[in-house]
Amino acid sequence: MSQLRPDLALIAAHVAPGARVLDVGCGDGSLLEALRGKGCDARGMEIDPGDVEACVAKGLSVIQGDADADLEFYPDQSFDYAILSETLQTMMRPAQVLDELLRISRHAVVSFPNFAHWRVRLSLLTGGRMPVTRLLPVAWYETPNIHHVTIADFLALLAERGITMEQAWYLSGDKQIGAGLANLRAEHAIYLLAR
């Protein structure tokens with residue numbers, strides 16, 4: 001198993017051993033491997049056929065699917081956790097995807113890069129261009145990000161949809177930071193959600 005990204009390590013640490021988990025947008029399956037090591041019934045959904053093939057070659061239970069359209073095929077409360085890591089901002093209908101995650105699971109874990117981080121703001125202010133950073137590593141015209149979500153935007157969406165935030169974690173670089181001024185200081189946000 002490869003070293004987990006800091007956000008995935010936080011998620012893995014907070015998923016209960018033995019839980020039933022769906023990792024939506026599971027990528028290379030790193031989180032699935034870590035969860036399987038905790039005795040979880042960990043399954044994945046991934047849109048990229050190459051990643052699906054790589055996951056299946058590792059013996060992981062992954063299907064090819066599009067969260068914008070395919071979550072509706074899962075029965076209510078099929079999982080203890082549905083995880084959407086660094087994927088929300090790429091969804092066509094992020095609010096509906098959140099509703100689906102919380103329909104098919106007791107808890108949703110959602111993480112995303114914070115587009116209101118001070119370095120992003122400074123780059124826009126001084127250069128007038130969309131930034132390229134460690135978490136946003138490609139130019140605006142090559143990015144899969146179609147919704148530039150901030151922590152403040154996400155919290156407003158949760159309130160609007162009646163979604164409960166059970167826990168939140170914020171990262172600056174690879175280090176966890178407190179919630180104070182997170183919309184300005186955090187590069188990455190991770191939330192544990194429920195209805």
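The values are calculated or read from the model by the stated rules, or taken from the named source; none is laboratory data. Computed from a predicted structure; not experimentally measured. So basically every Cβ, Gly included, is an ideal-geometry build from the backbone, and we count neighbours across all protein chains shown.
If I ask for residues that are under 20 Å from SER105 (Cβ atoms), in contact with a helix residue (DSSP H, G or I) (Cβ under 8 Å, 6 or more places away or on another chain) and in contact (Cβ under 8 Å) with a residue 40 or more places away in the chain, which ones from segment 161-181 would you list?
Matches in segment 161-181: ARG161, ILE163, GLN167, TRP169.
For segment 117-142, how many residues meet the condition of being polar (S, T, N, Q) and either within 21 Å of LEU171 (Cα to Cα) or touching a helix residue (DSSP H, G or I) at 6+ places or on another chain (Cβ under 8 Å) (or both)?
The qualifying residues number 2.
For residues in segment 35-59 being basic (Lys, Arg) and crowded, with 17+ Cβ neighbours inside 10 Å, which is nearest to GLY173 (Cα to Cα)?
ARG36
Since GLN89 meets every condition but one in (1) in a helix (DSSP H, G or I); (2) touching a helix residue (DSSP H, G or I) at 6+ places or on another chain (Cβ under 9 Å); (3) closer than 25 Å to GLN3 by Cβ; (4) in contact (Cβ under 8 Å) with a residue 40 or more places away in the chain, which condition does it not meet?
Failed condition: (2).
Considering (1) surrounded by 14 or more Cβ atoms within 10 Å (Cβ to Cβ); (2) within 23 Å of PRO144 (Cβ to Cβ); (3) modelled with pLDDT of 95 or more, say which one ALA12 fails and leave the rest.
Of (1) surrounded by 14 or more Cβ atoms within 10 Å (Cβ to Cβ); (2) within 23 Å of PRO144 (Cβ to Cβ); (3) modelled with pLDDT of 95 or more, only one is false for ALA12: (2).
Identify the single condition in (1) closer than 30 Å to ASP41 by Cβ; (2) surrounded by 13 or more Cβ atoms within 10 Å (Cβ to Cβ); (3) free of Cβ contacts under 8 Å to residues at least 40 places away in the same chain that LEU155 does not satisfy, given that it satisfies every other one.
Going through (1) closer than 30 Å to ASP41 by Cβ; (2) surrounded by 13 or more Cβ atoms within 10 Å (Cβ to Cβ); (3) free of Cβ contacts under 8 Å to residues at least 40 places away in the same chain one by one, LEU155 breaks only (1).
Taking the criterion of being modelled with pLDDT of 95 or more and more than 27 Å from VAL21 (Cβ to Cβ), would at least one residue in segment 184-192 satisfy it?
Scanning segment 184-192, I find at least one residue that is modelled with pLDDT of 95 or more and more than 27 Å from VAL21 (Cβ to Cβ), so the answer is yes.
Does LEU32 count as surrounded by 22 or more Cβ atoms within 10 Å (Cβ to Cβ), assigned to a helix (DSSP H, G or I) and not charged (D, E, K, R)?
When the stated conditions are applied, LEU32 passes them.
Please go through segment 160-191 and pick out each residue that is assigned to a strand (DSSP E or B), within 16 Å of the chain's Cα centre (by Cα) and aliphatic (A, V, I, L, M).
Within segment 160-191, MET165, ALA168, LEU171, ALA189, ILE190 qualify.
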